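K.L.:
Got a structure for you, written out below as structure tokens; questions coming shortly.
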Amino acid sequence: MKKPLPDRLQDLPPKWAHFCLQKDKFLKQDLGLDLGNKKLLVGFSGGVDSTALLLICKYLAPSWNSEVEAAHLNHQLRPQSGEDSTACASFCVQNNITIELRVHDVAKEAQASGKGLEETGRKARYAFFEDLRKRLGYDAILLGHQLNDLAEDVFMRLMRGAGWPALGGMVAHDPGRHILRPLLLTPKDELQQFVQAIGASHVEDESNTDPTFLRNRVRNQILPLFLQENPNFLENTAQLWRQSQLDAQM
């Protein structure tokens with residue numbers, strides 16, 4: 001029988017308890033946000049990033065005096081999609097987390113609209129989260145974008161010809177859409193280490209290796225080349241992001 005996950009922040013190994021507290025520090029000091037007494041919705045795909053985010057929020061929720069719940073959208077794009085949804089639901093039940101589930105035929109919508117699968121799936125997810133926020137009264141939608149995602153976003157903005165400060169990448173706090181990205185300056189490998197260290201299960205999305213999608217080509221081909229030439233590239237991306245946020249406020 002699989003060993004249950006730590007239930008509280010105090011039950012984590014000190015290294016990983018401190019890791020969680022660093023995310024709280026990012027929210028308070030970098031973003032100037034206090035999540036105390038809030039109702040928070042975490043987008044939960046079941047992958048490493050969203051699993052780490054959901055658990056970090058679960059561990060920090062008592063100190064925030066806040067409610068943390070999960071939302072999972074089944075895009076019906078892969079034969080394993082139903083299994084992933086079941087795994088997400090089981091994970092939440094085992095960890096006493098409420099989860100909202102919905103199924104959406106992304107391929108059918110993309111065909112009808114003439115738009116790509118990636119764009120259609122993203123819009124469907126955000127629409128799902130926003131619908132839940134409005135109907136159930138969530139204060140914020142938390143997403144698991146991390147530092148590697150930020151680096152990919154910077155590349156894609158550069159390809160599209162974005163100027164400064166937009167070139168610095170996606171925002172960590174989008175008050176207009178009630179979106180929050182607490183992991184934005186956290187490297188993906190640290191999230192993988194955290195999930196592995198505490199014994200949390202997660203699902204793997206094979207579509208993340210499909211070179212049909214631009215983001216996957218950036219993730220699996222371009223970014224590794226930059227990291228090979230400059231191992232500090234992710235840290236440089238974080239510095240670029242911080243500067244762009246400062247300049248955007250001027």
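The values are calculated or read from the model by the stated rules, or taken from the named source; none is laboratory data. Since the model is a prediction, treat every value here as computed from it, not as a measurement. All Cβ positions, even for glycine, are placed from backbone atoms using ideal geometry, and neighbour counts span all protein chains on display. SASA here: full protein model, heavy atoms, side chains in, ligands and nucleic acids out. Shrake-Rupley method; radii C 1.70, N 1.55, O 1.52, S 1.80 Å.
K.L.:
Residue under question is Ser50, and the condition is that it be under 27 Å from Gln22 (Cα atoms) and among the small types (Gly, Ala, Ser); does it hold?
P.N.:
Considered against the rule, which asks whether it is under 27 Å from Gln22 (Cα atoms) and among the small types (Gly, Ala, Ser), Ser50 comes out as yes.
K.L.:
Pull out all pairs, ordered by first then second residue, where Cβ-Cβ is under 7 Å, the residues are six or more apart or on different chains, the first lies in region 221-250 and is within 15 Å of Leu31 (Cα to Cα) and at pLDDT 95 or above, and the second is exposed (fewer than 13 other Cβ atoms within 10 Å of the Cβ) and among the basic types (Lys, Arg).
P.N.:
Final answer for the pair search is none.
K.L.:
Which of the residues spanning region 202-223 are under 19 Å from the mean Cα position of the chain (by Cα), open to solvent by 60 Å² or more (accessible area, probe 1.4 Å) and polar (S, T, N, Q)?
P.N.:
Asn208, Thr209, Asn220 - these are the residues of region 202-223 that are under 19 Å from the mean Cα position of the chain (by Cα), open to solvent by 60 Å² or more (accessible area, probe 1.4 Å) and polar (S, T, N, Q).
K.L.:
Can you confirm whether region 64-76 contains a residue that is of a type in the set (A, V, I, L, M), open to solvent by less than 20 Å² (accessible area, probe 1.4 Å) and more than 26 Å from Lys123 (Cα to Cα)?
P.N.:
no
K.L.:
Pick from region 108-140 the residues that are open to solvent by 40 Å² or more (accessible area, probe 1.4 Å) and aliphatic (A, V, I, L, M): which of them is nearest to Leu55 (Cα to Cα)?
P.N.:
The selected residue is Leu136.
K.L.:
Being of a type outside the set (S, T, N, Q), touching a helix residue (DSSP H, G or I) at 6+ places or on another chain (Cβ under 8 Å), surrounded by 15 or more Cβ atoms within 10 Å (Cβ to Cβ) and at pLDDT 95 or above is the requirement here; does Phe194 meet it?
P.N.:
yes
K.L.:
For region 14-48, name all the residues that are of a type outside the set (Ser, Thr, Tyr) and closer than 19 Å to Ser90 by Cβ.
P.N.:
Val42, Gly43, Phe44, Gly46, Gly47, Val48
K.L.:
Here's another thing I want to ask about it. Sort out which residues of region 108-151 are farther than 19 Å from Leu180 by Cα, outside any loop (DSSP other than H, G, I, E, B) and free of Cβ contacts under 8 Å to residues at least 12 places away in the same chain, and write them in order of number.
P.N.:
Lys108, Ala110, Gln111, Ala112, Ser113, Glu119
K.L.:
Being more than 17 Å from the chain's Cα centre (by Cα) and touching a residue at least 60 places away in the same chain (Cβ under 8 Å) narrows it down to one residue among Leu9, Leu5; which is it?
P.N.:
Values: Leu9 fails: touching a residue at least 60 places away in the same chain (Cβ under 8 Å).
Criteria check complete, one pass: Leu5.
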